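FYI, it's all coordinate maths here, none of it is from the lab. Predicted model only: the values in this text are computed from it and were never measured. Virtual Cβ from ideal backbone geometry, glycine too; neighbours counted across all protein chains shown.
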């Protein structure tokens, strides 16, 4: 088994429950697809939200995608001055037989500013 971590982030337009769930599902789906990850390869997922996002837990989107048997945890990001607002971040840990350099990290919408060096 080779444990790999895949990072991703998306900036939301507003803090509304349906928008948060749809945006989180979009990010998660793209992360899984970009890395060709099957459900059985998933170890766990960590979700973070900036303190200005309070309408729903981002992990609910994963559950709605059928990932209910994967351990999920949500956290609040540090409240840093001048940080990008309304951002959901995901870290997936999965059993992937690829080199670390081959892992595809996904940054969408305004979150591309967080990692312009690797954003897709």
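Could you go through the range 95-108 and let me know if any residue there is touching a residue at least 12 places away in the same chain (Cβ under 8 Å), touching a strand residue (DSSP E or B) at 6+ places or on another chain (Cβ under 9 Å), surrounded by 13 or more Cβ atoms within 10 Å (Cβ to Cβ) and part of a helix (DSSP H, G or I).
There is no residue in the range 95-108 that is touching a residue at least 12 places away in the same chain (Cβ under 8 Å), touching a strand residue (DSSP E or B) at 6+ places or on another chain (Cβ under 9 Å), surrounded by 13 or more Cβ atoms within 10 Å (Cβ to Cβ) and part of a helix (DSSP H, G or I).
In the range 38-66, how many are without any contact (Cβ under 8 Å) to a residue 40 or more places away in the chain, closer than 19 Å to residue 18 by Cβ and more than 13 Å from the chain's Cα centre (by Cα)?
Final tally of qualifying residues: 5.
Does the range 19-26 include one or more residues that are over 29 Å from residue 1 (Cβ atoms) and free of Cβ contacts under 8 Å to residues at least 40 places away in the same chain?
Taking every residue of the range 19-26 in turn, at least one turns out to be over 29 Å from residue 1 (Cβ atoms) and free of Cβ contacts under 8 Å to residues at least 40 places away in the same chain.
Where in the range 1-83 are there strands (runs of 3 or more DSSP E), lying wholly inside it, with at least 3 residues that are in contact with a helix residue (DSSP H, G or I) (Cβ under 6 Å, 6 or more places away or on another chain)?
3-11
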